[in-house]
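Encoded as structure tokens, the structure appears first; notes follow it.
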Amino acid sequence: MAALAAVRQTDSRQIDVQLIAEARKKLIVALDFSTIDEARAMVEQLGEEVGFYKVGLGLQLAGGDRFAKELKDQNKRVFLDYKYYDIEETIRNAVARAAEMGIDFLTVHGVSGILRSAVQGRGSADLKILCVTVLTSMDAEDIQEMGFPPTMTVEDLVVHRAVKAMNIGIDGVIASALEASKIKSLSSGKLMVVSPGIRPEGSPPQDQKRVATPSEAVKAGADYLVIGRPITDAGNPREEANKIIVEMANAMREQ
Ligand code: C5P
């Protein structure tokens, strides 16, 4: 009896270790700093806890491209979130450069010509192109302000752009966790969903409007969670990242 209980305990611990490792792969930490020194210090502080980083517009002109290369040299995965929006020839060239750098994820806007030229620019490289649907900092009022009719909901617009991206052969979309399960089911699981706007219970939403907890996002089917300030502004970022990973692993177990 005691032997059986010990085996069960070992099994459950092994499952936990496996789930934690799976959860860790799904976490992308947004390095929204204004200097490379600050971003580098955060990566050092997070150590082995985090293996995937997002470099965005805030770091771009501070040397973000070189820093992205530095992260790749440390065997980290890199999401370059530059949200490209330009004519097709420019998009093809820009995406081809990201592919040459060995970048893992890259964002472009959800316009057919841009999406098609991004796929062409990527060629046979192992770079995932992600379509920005509707920023998680936007709600119904914001999309009306952009000129969409009041009858169109945020979810309608997200779904419209996700379907377009899927038909063009894009790998995934950036969408809030609130739309994740819908996108997963309409694409029969083919589209990867990467969700920002993640806030652990009790964390302030700040400028984010369509938010979910790490657990809710995992349960909704988000493949990757992009988390910035709740980790990078924490008193102990490594401990906070670990807490979030454990929450994600628990949600994965409950699924
Ligand atoms: O600090 P926080 O967790 O809100 O950071 C979210 C990150 O995700 C930011 O770097 C932001 O630029 C990015 N993002 C987003 N909404 C999108 C696409 C990207 O918040 N739709």
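The values are calculated or read from the model by the stated rules, or taken from the named source; none is laboratory data. Please read these numbers as outputs of a predicted model, since none were measured by experiment. Every residue, glycine as well, gets a Cβ built from its backbone with ideal geometry; the counts of neighbours run over all protein chains shown. Accessible surface is based on the protein model in full, side chains and every heavy atom, while ligands, DNA and RNA are left aside. Shrake-Rupley method; radii C 1.70, N 1.55, O 1.52, S 1.80 Å.
At a 1.4 Å probe radius, carbon and sulfur cover how many percent of the accessible area of the chain?
Numbers: 6310 of 12390 Å².
Of the solvent-accessible surface of the chain, carbon and sulfur hold 51 percent.
For region 152-201, give the magnitude of the charge dipole about the Cα centre (Cβ charges: +1 Lys/Arg, -1 Asp/Glu; no others), in debye to the nearest 20. With Lys and Arg at +1 and Asp and Glu at -1, about 140 debye.
At the residue level, R97 shows approximately 110 square angstrom of accessible surface with a 1.4 angstrom probe and all protein chains present. The Cα-based radius of gyration of region 159-204, divided by its Kirkwood radius, gives an Rg/Rh of 1.06. Each of P196, I244, L19 was placed along the dipole of the chain (beta-carbon charges, centred on the mean Cα), and the one lying farthest toward the positive end is L19. For A140 and R97, the difference between the fully extended length at 0.36 nm per residue and the C-alpha to C-alpha distance is 11.9 nm. Around the Cα centre of the chain, unit charges on the Cβ atoms of Lys, Arg, Asp and Glu (plus for the first two, minus for the last two) sum to a dipole of about 700 debye.
At each listed q (0.20, 0.35 Å⁻¹), what is the log10 of I(q)/I(0) that the Debye formula gives for region 119-158 modelled as equal alpha-carbon point scatterers? Values returned for q = 0.20, 0.35 Å⁻¹ are -0.62, -1.27. About its Cα centre, region 17-100 has a charge dipole of approximately 240 debye under the convention of +1 per Lys or Arg Cβ and -1 per Asp or Glu Cβ, with nothing else charged.
When nucleic acids and ligands are ignored and a 1.4 Å probe is applied, D73 ends up with an accessible area of around 110 Å². Protein heavy-atom accessible surface, 1.4 Å probe, per residue over the chain: 49 Å².
Neighbours of L59, meaning other residues whose beta-carbon lies under 13 angstrom from its beta-carbon, give a summed charge of -2 when Lys and Arg score +1 and Asp and Glu score -1.
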